[in-house]
Every structure is written in C-alpha cells, then in structure tokens.
Amino acid sequence: QVQLVESGGALVQAGGSLRLSCAASGRTISDYTMGWFRQAPGKEREFVAISWSRGTTVYADSVKGRFTISRDNAENTVYLQMNSLKPEDTAVYYCAAGLRSGSRSRSYDYWGQGTQVTVSS
C-alpha cells in the first residue's frame, strides 16, 4: 500500500548536477528499504543506490563518489543527488521500496513510474 512518484528528471549537460525526488504515500518510508534504479533503452534495469531503513547506504561502482541517496522521513521523500553527470548516466530513473531488499530489482515490492534523465555531451 505504498505509492511512489519520481520527479526532477531533465536534460542537462555533461558535468552538471540534478536532484531527483521520490515522494511516497500510503506508508512511511522509515519502515522500508529504498532503492534507485535506472534503465536505458535496450538495457536491463540496473541498481544505482540503496538506503537501508537503519540508515546505511550502498552505491553501484559506476556512480560511487558522484551520486548520493538520502531520506527526509518527515516529508516521506527519498532523494538522489547526482553530480558530475556523464552521457552514460542517461536513462529512466526509478525509485523502489521493499521490506527485505538489496541490489536486485526483483527484491522490491513497489515501484514508481520513472523520470527521464538525459545528459548531453
């Protein structure tokens, strides 16, 4: 009974920054593992970042040092701050929620509709 809505996707130049938001409703995100995933055309959906309910975080090697996942539990919102963007970051970005979830997309129970991020060279 959790609904997720992503926003903040845009067209940006390489080297720029962008912050994605994932607004949740129905349940508090403090009870859930929250993840960000992305999918480029013709590619499988891939793990980007995880925020565990106890506060620890994990990042894909491709984004580590550039992206940061964070929570605002009072606003029931998860964020993905993306810096030093590269053309290869271009994808639809999805947020997800699960109770026993990790880096595998199939371990998440709830998904947002996605938001497009395009990075131009």
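The values are calculated or read from the model by the stated rules, or taken from the named source; none is laboratory data. Here the structure is a predicted model, which is why all the values come from computation and not from measurement. When we count neighbours, we look across all protein chains shown, and the Cβ atoms used for this are built from the backbone with ideal geometry, even at glycine. Just the protein is used for accessible areas: all its heavy atoms, side chains included, with ligands, DNA and RNA removed. Shrake-Rupley method; radii C 1.70, N 1.55, O 1.52, S 1.80 Å.
Quantify, in whole percent, the carbon and sulfur part of the accessible surface of the chain (1.4 Å probe; protein heavy atoms only). Walk me through the numbers on the way to the answer.
On the way: 2860 of 6410 Å².
Solvent-exposed carbon and sulfur of the chain make up 45 percent of the total.
Roughly what would the spin-label model give for residue 118 and residue 74, points 7 Å off Cα along C-beta, in nm?
With each label placed 7 Å out from Cα toward Cβ, I get 3.7 nm.
Could you do me a favour and compute the accessible area per residue for the stretch 1-102, 1.4 Å probe, result in Å²?
In whole numbers, the stretch 1-102 has 51 Å² accessible per residue.
If R₀ is 25 angstrom, what is the calculated FRET efficiency for the pair residue 1 and residue 66, using the beta carbon separation as r and rounding to 0.05?
0.15
Name the residue from 5, 108, 92 whose Cα lies farthest towards the positive end of the charge dipole of the chain, charges +1 on Cβ of Lys and Arg and -1 on Cβ of Asp and Glu.
108
Under the Karplus relation 6.51 cos²θ - 1.76 cosθ + 1.60, θ = phi - 60°, what is the ordered set of whole-Hz ³J(HN,Hα) values for the stretch 9-25, x standing for Gly and Pro?
x, 6, 8, 9, 7, 3, x, x, 10, 7, 10, 8, 10, 10, 8, 10, 9
Using θ = phi - 60° and the Karplus relation 6.51 cos²θ - 1.76 cosθ + 1.60, list the HN-Hα couplings for the stretch 34-44 in order, rounded to whole Hz, with x at every Gly or Pro.
The phi angles translate into 10, x, 10, 10, 9, 9, 8, x, x, 10, 6 Hz.
So if each residue of separation counts as 0.36 nm, and I subtract the Cα-Cα distance between residue 88 and residue 103, what length gain in nm does that give? It would help to have the intermediate numbers written out before the result.
On the way: separation 15, 0.36 × 15 = 5.40 nm, distance 1.97 nm.
Extra length from residue 88 to residue 103 when fully extended: 3.4 nm.
Give the long-range amide H neighbours of residue 102: residues separated by 5 or more places, or on another chain, with amide H under 5 Å away, using H modelled in the peptide plane at 1.01 Å from N.
107
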